[in-house]
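Following: one structure in structure tokens, then a few remarks.
The values are calculated or read from the model by the stated rules, or taken from the named source; none is laboratory data. Worth saying up front: this structure is predicted, and the values here are computed from it rather than measured. FYI the Cβ positions are ideal-geometry reconstructions off the backbone, even for glycines, and counts take in every protein chain you see. For accessibility, only protein heavy atoms count, side chains too; no ligands or nucleic acids. Shrake-Rupley method; radii C 1.70, N 1.55, O 1.52, S 1.80 Å.
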Amino acid sequence: MAEARKVLKFGLPKGSLENQTLELMRKSGWRISVGSRAHVPSVDDAALSCRLLRPQEMPRYIADGSLDAGITGSDWIVENDVDLVEVARFVYSRVSLVPTRWVVVVPDNSPIKRLEDLKGKRVATEMVNFTRRVFAERKIDVTVEFSWGATEAKAADGMVDAIVEVTETGSSLRANGLRIVEELLTSSPVLVANKRAWANEWKQAKIRQVAVLMRGALDAEGRVGIKMNVARENLEKVIALLPSITAPTVSQLYPSPTLKGKEWVAVETVIAETTVRELFPKLLEAGAVGIVEYPLNKII
């Protein structure tokens, strides 16, 4: 009997992290499209079977083996209190390349200044289990209720005394007249695996492949490659201007008659995209010519 086709059941986050994750997967080498069956996206890899799930519930499905691995928020692993293998941690969120934060929030005019002031009060949040554990560990008696949405409005309107809400920059909270009392948890997307799947040699190799390529794609964010030609006599001046991951690559140019007997080299390196506008005029002044900038998908 022919060997069964090897397939890794892989979860992708639906919602706020969806677009960024699909784009990172694209840069990593996988083309994933979400069609009419929105929870079952197609992927150009016969060894990968993807499912789109809310990060809030994905850890449970990985833990029970319905999925072999997936990308979810580290906060939801804490909330679901499940034991998974953390393979890689990535730093990106809905609007920025920074972790998100779960914070205790009250209206600006609230007398509450610290968690202890919430004793006997009511707190709304989507992270019910985690929030209850935090207050229990601090021995603060509060009522924690699940919020189905519009959590910020419940605090602003005085429907609850405080909320535990996720934020990146805090700008939305401030715009709604809310104030952070304390930060409880930072979170970022993580690639996690079911322990049984991780023990399978083939599945572990496939999961590691995803981790390495996604890390490479994320490391390439905000960077570009540049290359240029430089006369040997100007090389040290140009090199002194160039930041790089290790050291710039320098290679000899073919001694074409157009070089008129001079020795020329090609220089190539990777730089932060934000430095381009300041760096390029300086490179020209130092003697570089034919400067080319090109985008990067991955740095590994």
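With K and R counted +1 and D and E -1, the other residues having a Cβ less than 11 Å from that of Val238 yield a net charge of 0. Highest mobility in the GNM of the chain, judged by mean-square fluctuation with C-alpha springs under 10 Å and restricted to Pro255, Pro243, Pro59, is found for Pro255. Heavy-atom accessible surface of Tyr61, to the nearest 10 Å², is about 80 Å², with a 1.4 Å probe and all protein chains retained. Under a Gaussian network description of the chain, with springs only between Cα atoms under 10 Å, the residue in Asp161, Asp83, Asp141 that fluctuates furthest is Asp141. Cross-link pairs exceeding 18 Å between alpha carbons, from the set Lys237/Lys282; Lys14/Lys206; Lys9/Lys203; Lys6/Lys203; Lys27/Lys298: Lys14/Lys206. In the chain, helical runs assigned H by DSSP with n ≥ 4 each contribute -39500 (n - 2.57); averaged across all residues and rounded to the nearest 500, the mean residue ellipticity at 222 nm is -8000 deg cm²/dmol. Every Cα-Cα pair of the chain was included, and the share exceeding 25 Å stands at 61 percent. Kirkwood Rh over Cα pairs of the stretch 47-97 into Stokes-Einstein at 10 °C, 1.306 mPa s: D in µm²/s? Stokes-Einstein gives a translational diffusion coefficient of 135 µm²/s. Close amide H pairs (under 5 Å, H built 1.01 Å from N) link Ala124 with Glu145, Ala162, Ile163, Val164, residues at least 5 positions away or on another chain.
Taking the accessible area of the stretch 122-276, probe 1.4 Å, and keeping the other protein chains in place, the carbon and sulfur fraction comes to 51%. Highest mean packing comes first when the peptides 187-193, 111-117 are listed by Cβ atoms within 10 Å, giving 187-193, 111-117.
Considering only the Cα atoms of the stretch 182-258, their convex hull presents on average a projected area of 10.8 nm². Were the residues from Glu57 through Asp141 laid out at 0.36 nm apart, the gain over their Cα-Cα distance would be 27.5 nm.
Note on Trp202: accessible area approximately 70 square angstrom, rounded to 10, probe 1.4 Å, nucleic acids and ligands left out.
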